[in-house]
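Shown next, in structure tokens, is the structure this report addresses.
The values are calculated or read from the model by the stated rules, or taken from the named source; none is laboratory data. Computed from a predicted structure; not experimentally measured. Cβ coordinates were reconstructed from backbone atoms using ideal geometry, including for glycine residues, and neighbour counts include every protein chain displayed. The accessibility values were calculated without ligands, DNA or RNA, using every heavy atom of the protein model including side chains. Shrake-Rupley method; radii C 1.70, N 1.55, O 1.52, S 1.80 Å.
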Amino acid sequence: MTQQGAALQGYNNELVKCIEDLCMQKEELNKQIQQAEEEKNKLQHEIQVLNEQLERVCENLAQKVASRNELDKILAETEAAYMKILDSSRTLLNVLKKEVGSLKHTPELKTN
């Protein structure tokens, strides 16, 4: 029986060592899981911050595009009105030149 007891004690020692190894593996895995969860939380926070920044930038961009569109409209209207003024000025100048030209041919305006 001594041999069987010694064999049983050997098996028991191996079993205890295997259980201890498994416990150490579990502890190491728990550390890795905790680190991964911390990294995940950190990344989720960064994503949230970036999404908020993106939202602000998009809102700002939309406002600037709307302002630019309004300026484009005002500029187009102003340019069209200015072209009308130029056309009217040209017409007025032509009429005035014609009137001055016809006045020069009037005998009472001729100088001696």
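The table that follows gives values for the structure above.
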| item | result |
| --- | --- |
| Of (i) 44, 37, 19; (ii) 59, 37, 23; (iii) 159, 17, 16, the label for Cα extents along the principal axes in Å derived from the coordinates | (iii) |
| Helix-derived mean residue ellipticity, 222 nm - over the chain, DSSP H n ≥ 4, -39500 (n - 2.57), to 500 | -35500 deg cm²/dmol |
| Simple label model, 7 Å out from Cα along Cβ direction - residue 8 to residue 102, nm | 13.9 |
| Between 0 and 90°, nearest 10: helix 2-104 axis offset from the chain longest Cα axis | 0 |
| Length added when fully stretched, residue 42-residue 84, from 0.36 nm per residue minus Cα-Cα | 8.9 nm |
| Debye, to nearest 20: dipole size of the chain, +1 on Lys, Arg Cβ, -1 on Asp, Glu Cβ | 1400 |
| Accessible solvent surface per residue of the chain, calculated while the other protein chains remain in place, 1.4 angstrom probe, Å² | 96 |
